[in-house]
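In what follows, a structure is listed as structure tokens, so that the remarks can point back to it.
The values are calculated or read from the model by the stated rules, or taken from the named source; none is laboratory data. None of these values were measured; they are calculated from a predicted model. Here Cβ is always computed from backbone atoms with ideal geometry, including for glycine, and neighbour counts include all displayed protein chains.
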Amino acid sequence: MNSAVFEIGKFARLTLLWLCIIFGAVWGVSWSIGVLLPAVILSQSGESGRFWAQLLQALVPVVAVALFVPLNTCYMVLAERRLLALFTVRKGPNRVGPDGAFQTVADALKLLLKEEITPRGADLLMYTLAPVIFFAPSIIGVMPLLAAVSGNHPLFTPVNLPTGVFYILAVSSIPVVGVVMGGWASNNKYSLVGALRSAAQAISYEIPLLLSIITVCLLAGTLDFVQIADNQRGSLLNWNILGGGALTHLGIGSPWWSIAAALLLAACCILLFALYVICACAEVNRTPFDLPEAESELVSGFNTEYSGIKFAIFFLAEYTNLFIVSTFAAVMFLGGGHAPFPGLEDACISGLRGLLAAWFGACTPFQLGWLVNSLVNPATVSQVFWIIVKSYALVWFASLIRATLPRLRIDQLMDYSWKRLVPLALILLIAVTFLKELV
Amino acid sequence: MESLNLLTALAHVNVEQGFFYVLAAIAIPLAYGVVFDRNVIRSGFLLIGVFATIAGLFFLLQAQFLGLSQILIYGVGITLVIVIALMLTNARQETGMNPALPANVGLASFVSVLVFTTIYLSLRSAEDWPLKNESSLSLPPNIEMIGKHLMTYYALPFEFASILLLAALVGAVMLSKAEPASLANAGDEAEQAVDGTDRV
Amino acid sequence: MLGMVGRAAEGFYQVCRGLWTVFKHSGRPPTTKEFPDVMPELPGAFRGRLALAVNPETGEHLCISCRQCERVCPDKCIDITAHKSPQTGKLELIDFKIDHGLCMFCGLCTEVCPTSCIINTSDFEMSEYSRGALIYDLKRLTLSQEESAYYFAKKDLPPPKPKAKPAPKPEAAGDAGESLAQQPSDVSQQPGPKAEE
């Protein structure tokens, strides 16, 4: 028993280390490009530097994402391997670095240095373009989430589109083009079959996914991530997974139909979340639905022929997509950056503020006070903390699913989407529309 | 909104027009590629590129909703279906055919001239394009506008469109259901066989 | 309709149960043996590298050059060189070669060996840089006295009888030598498996 706790402790330590690396790096770089450098430029060249300062600030989201994606993938692959090891009573990678913390870094280096092979008869242009098309949307797709993740921090406000949800949905439908392209261009039967399966699966599961998200947007009344997250402020009961505040509006004197409607709405929303998780697993080709790359049938599916850096790009995109889907769920269903219990969030913020004042109060004589204050904004820290917890919890849950469920057969897969999930999604859409008015 | 300054500064140097020409310069060769590429599947993928650049044009016009639906529905959904249809039909037979027969050329040029004239005339006849004189930054959020218009002013065409789609859906189901008797029997037997193996 | 809802609920419950079952396993100590650091404890019957044992007490080589192992080996990876000693008239082992690159570790040779000389050790780390290095000669195959004692105890083999010593009676010695000398030629005239039966 002790040794098991020991293993879980090792995993926790590893997670903490990596999260510090990832978010420390992203935080530091965003701050130095978005706050420090513009301040220096403005103080040096005055008004004429304003354009450059603003350009730098506009670049912050791009740089932050470009830094975040590879680091995050390194952590996610490692965490997945360690978690699978935990669930299957093994140890997992534990050789490179402390407890194997840098195993994936070594793997990535190895992958980058490997030879690139183009199979004979491959369509070279499309073969090269496919990983790019597969990967680009995951970089572009993270952008609107940044605003919601950082609690609408001024640096990330420009990427907060009023149509953020729709934007992500549109962008996240592009990778399947890359899959089909790569599968067809590599001139390999397994790749082609994997690609066709992937296309069929993506098109089928996109419909219930879209319907479930549309239903949540309908509940929230907006397509704006920041607003959706802010609507869920307060407590667990305000989260969209429990009906987006329907339960909190109930008082003792509420009429019975209102109570019934609120309870039904909460039930519908839980179902909606389950629907979303299922469809999201299918969209990012995770295990119960990983037919496009079924190892036991198709070698490795659409990326069979890829090696070296192109394969690395496919790999990177897959895990980034998983993370996007999880963060998306955290924002749409699990209250975004808000704490699950009332008062907890305020406690977080005030505690952090006190800590900062105690640590950096001494710095003010050196005129560093404002720099520190702009670096660590307690409200933002609290938001980012909660959303990280929720997103990674969902990522870990995906690992648990991968460790548990076997792969579906292709006809079961299509049946499940068209005969079960689509009708369920339509029923839920209508039910939520009416229940929302009744509450 | 500090970034607005940047946006207006960019607008002054006519970045928008520049982007338009860039997108057009990408879209037109891609469209030519769709027509002239002898490899049917590759021209299908080029079509995705064309739709994507057109979505970019929509973004330039501040029509985010249209641009995003263009990507979502045309760029990915429909083109992918086309590409898969091409993959599953025998594309090799068609590469052997010569599309440039004199009779085909005459018909094709007639159709293209007709389509071009129609579009050109309809574009010319609409004298006043509303976006021409307005600053695009001051428009209200257009998803709301589209939603309201669809539900009020354009409710009837909207409903007709949905009835059309429903009819198409039902038709597709009927087509796939109505198999010849022998084929249906064969299918049943195959299914039974599969069930049998499953039980084993 | 109701049946469908029931089945959906049942399926959902089963999936959750499965997830919980797997999740519970994260509270168990890992069964991983980290091999190069921790050597696995192998059972005595483990069929690893072949070796020739010596008498644990006296240190005599147990092989009597009967060539049973050579004959029974399906891969023909054993090569015995022996000659009849001019002094005693007994068979004398000159060289014993086993090509471990060909060996499939079936253990048939160890079963036919009348003196329990050839045995499977627990050693499995046999990496070499060339195929030639996998051909073990008599010197590399022969175990030390302590190793032989270890394997005899581990495999629970009957302790070997000491070889016929230079006997006080020269006749007896001669008899023993003859019988040993005749044995292989006798067996070689009959088909192998029948001889065993």
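As a summary of the residue check, residue B:95 satisfies the conditions (1) hydroxyl-bearing (Ser, Thr, Tyr); (2) at pLDDT below 75; (3) within 21 Å of residue A:283 (Cβ to Cβ) except for the one numbered (3). Per the listing A:337, A:354, the residue uniquely modelled with pLDDT under 80, under 24 Å from residue A:143 (Cβ atoms), among the small types (Gly, Ala, Ser) and in the same structural domain as residue A:411 (by TED's automatic domain parsing) is A:337.
Suppose the filter is surrounded by fewer than 15 Cβ atoms within 10 Å (Cβ to Cβ) and farther than 21 Å from residue A:397 by Cα; does residue A:56 pass it? Before the answer, list the steps.
Numbers: surrounded by fewer than 15 Cβ atoms within 10 Å (Cβ to Cβ): no; farther than 21 Å from residue A:397 by Cα: yes.
No: the conditions fail for residue A:56.
Applying the criterion of being without any contact (Cβ under 8 Å) to a residue 40 or more places away in the chain and surrounded by fewer than 20 Cβ atoms within 10 Å (Cβ to Cβ) to the residues of segment A:194-221, the residue that is farthest from residue B:75 (Cα to Cα) is A:221.
Only one of the numbered conditions (1) in a loop (DSSP other than H, G, I, E, B); (2) in contact (Cβ under 8 Å) with a residue 24 or more places away in the chain is violated by residue C:93, and that is (1). Given the criteria surrounded by 14 or more Cβ atoms within 10 Å (Cβ to Cβ), in a loop (DSSP other than H, G, I, E, B) and modelled with pLDDT of 85 or more, does residue C:69 qualify? No.
Condition check ((1) at pLDDT below 85; (2) under 30 Å from residue B:15 (Cβ atoms); (3) surrounded by 10 or more Cβ atoms within 10 Å (Cβ to Cβ)) across all residues:
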{"residue": "B:123", "(1), (2), (3)": "yes, yes, no"}
{"residue": "B:133", "(1), (2), (3)": "yes, yes, no"}
{"residue": "B:146", "(1), (2), (3)": "yes, yes, yes"}
{"residue": "B:155", "(1), (2), (3)": "no, no, yes"}
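Quick check, is residue A:198 closer than 24 Å to residue A:411 by Cβ, assigned to a helix (DSSP H, G or I) and either more than 20 Å from the chain's Cα centre (by Cα) or facing another protein chain (nearest Cβ under 9 Å) (or both)? In short, yes.
For segment A:260-305, taking the residues that are assigned to a helix (DSSP H, G or I) and hydroxyl-bearing (Ser, Thr, Tyr), the one that is nearest to the other protein chains (Cβ to nearest Cβ) is identified as A:287.
Looking only at segment A:70-101, which residues are away from chain C (no Cβ under 14 Å), surrounded by 21 or more Cβ atoms within 10 Å (Cβ to Cβ) and not in a helix (DSSP H, G or I)? Across segment A:70-101, the qualifying residue is only A:101.
Among the residues of this structure, residue C:34 does not count as one that is more than 10 Å from chain A (Cβ to nearest Cβ) and of a type in the set (D, E, K, R). The set of residues from segment A:9-26 being in contact (Cβ under 8 Å) with a residue 24 or more places away in the chain and either away from every other protein chain (no Cβ under 12 Å) or loosely packed, with under 13 Cβ neighbours inside 10 Å (or both) comprises A:13, A:14, A:15, A:17, A:18, A:19, A:21, A:22, A:23, A:25, A:26. In the set (1) in a helix (DSSP H, G or I); (2) farther than 15 Å from residue C:45 by Cα; (3) within 12 Å of the chain's Cα centre (by Cα), residue C:146 fails one condition alone, (3).
Tell me which residues, restricted to segment A:120-158, are surrounded by 23 or more Cβ atoms within 10 Å (Cβ to Cβ) and either in contact with a Lys or Arg (Cβ under 6 Å, 6 or more places away or on another chain) or within 13 Å of chain B (Cβ to nearest Cβ) (or both). Within segment A:120-158, A:130, A:131, A:133, A:134, A:137, A:141, A:144, A:147, A:155, A:156 qualify.
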